[in-house]
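The values are calculated or read from the model by the stated rules, or taken from the named source; none is laboratory data. Please read these numbers as outputs of a predicted model, since none were measured by experiment. Ideal geometry is used to build each Cβ from the backbone, glycine not excepted, and the neighbour counts take in all protein chains shown. Surface accessibility is based on the protein's heavy atoms, side chains included, excluding ligands, DNA and RNA. Shrake-Rupley method; radii C 1.70, N 1.55, O 1.52, S 1.80 Å.
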Amino acid sequence: MASSNPLLQLGQLIEDAIKQLHTVTDSPRLDCELLLCHILKKDRSFLRAWPEHELNLQQVDVFQQLLTQRLQGTPVAHILGERGFWTLNLKVTPDTLIPRPDTERLVELALEIIPDKAKWNILDLGTGTGAIALSLAKEKPACHLTATDKSAAALKVAEENAKRNNISNIHFVQSDWFLGLSDNINRAMSQFEMIVSNPPYIKESDPHLKQGDVCFDPITALTSGADGLDDIRTIIKTSTEHLVKGGVLLIEHGYDQGNEVCELLKASNFTQVADFNDDNGNPRVATGYYNQMLIN
Ligand code: GLN
């Protein structure tokens, strides 16, 4: 019987890697586990359940190579070329923002609003990997999603993600916010019951842009003018032309922009304006209804 070698065992590999990863990431265990799940084609519960499982020498070699890339700063999503979001596995490239857990809050809120079996037309502006649009399309098969992005390269990734996840109640339009919508499709198709967006909202001068994984995201998906609100202002203003009566807008924003975004919504005559925290307790998603019929 082969004697066990702790240096090849999952538990030991993970503990050693965590010690090294502390210097480059706030989530060393998760990062390490995602690399190992990819190599072993197992889920994280396997790693937790079988710390004494031994990798073969080739697997250890691949793990060391991936770990080195992570230690050099490359985000896990770029090393693996994919990221889990909601219930989906999404392809990620340097042309797309790496989907964040914060954005799952927006998906959750949208799903709470969409009535059962509703056949809504829903627009996702700046779709990137398609994370929001594809999650909603999958959960609400009777709805139809229109997903836009200014970047042709990002849209190609989003289209691949639709195929990868077998989602067909969606179409993709290359568009700078709303501009391509009025050009490319008729009026009926440019009116929506719901508009969602995770636009760029970071201040151009924000020092965090030079730190960690965010350095690998496309800058056009991150920053939006001096106060970070340029694109949010455009989206709120122009949404009013593309929402049906009583339609709803959900917009992700920075942790310190909740009040300003709510004021912008009210200034554009949105009602029932509300702001919601993400799972870290930070204000993250603002919602408002447009031209809603008053209930007597
Ligand atoms: N939420 C991202 C971050 O804080 C930024 C993405 C965005 O601007 N929409 O890194």
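Tabulated data for the structure shown
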| read-out | value |
| --- | --- |
| In segment 90-106, residue nearest to LEU125 (Cα to Cα) [restricted to those that are out of contact with any Lys or Arg (no Cβ under 7 Å at 6 or more places or on another chain) and away from the ligand (no atom under 13 Å from the Cβ)] | ASP95 |
| Flag for ILE202 being under 30 Å from THR25 (Cβ atoms), in contact with a His (Cβ under 8 Å, 6 or more places away or on another chain) and not polar (S, T, N, Q) | yes |
| Pair list, Cβ under 6 Å, 6 or more apart: segment 147-173 residue on the phi < 0 side of the Ramachandran plot, other residue of a type in the set (Gly, Ala, Ser) and open to solvent by 20 Å² or more (accessible area, probe 1.4 Å) | ASP149/GLY126 |
| Of residues in segment 245-296 being of a type in the set (D, E, K, R) and in contact (Cβ under 8 Å) with a residue 40 or more places away in the chain, the one nearest to ILE132 (Cα to Cα) | GLU252 |
| Filtered residues of segment 209-254 (kept if over 26 Å from ASP95 (Cβ atoms) and either within 12 Å of the ligand (Cβ to nearest atom) or open to solvent by 60 Å² or more (accessible area, probe 1.4 Å) (or both)) | LYS237, GLU241, LYS245 |
| Hits in segment 250-268 - residues which are part of a helix (DSSP H, G or I) and either touching a strand residue (DSSP E or B) at 6+ places or on another chain (Cβ under 7 Å) or modelled with pLDDT under 95 (or both) | GLY258, VAL261, CYS262, LEU265, LYS266 |
| ASP176 vs. criteria in a loop (DSSP other than H, G, I, E, B), touching a Lys or Arg at 6+ places or on another chain (Cβ under 6 Å) and among the charged types (D, E, K, R) | yes |
| Breaking point among (1) at pLDDT below 95; (2) out of contact with any Phe, Trp or Tyr (no Cβ under 9 Å at 6 or more places or on another chain), for LYS203 | (1) |
| 2 or more residues open to solvent by 60 Å² or more (accessible area, probe 1.4 Å): qualifying helices (runs of 4 or more DSSP H) within segment 1-108 | 10-21, 28-40, 44-49, 57-71 |
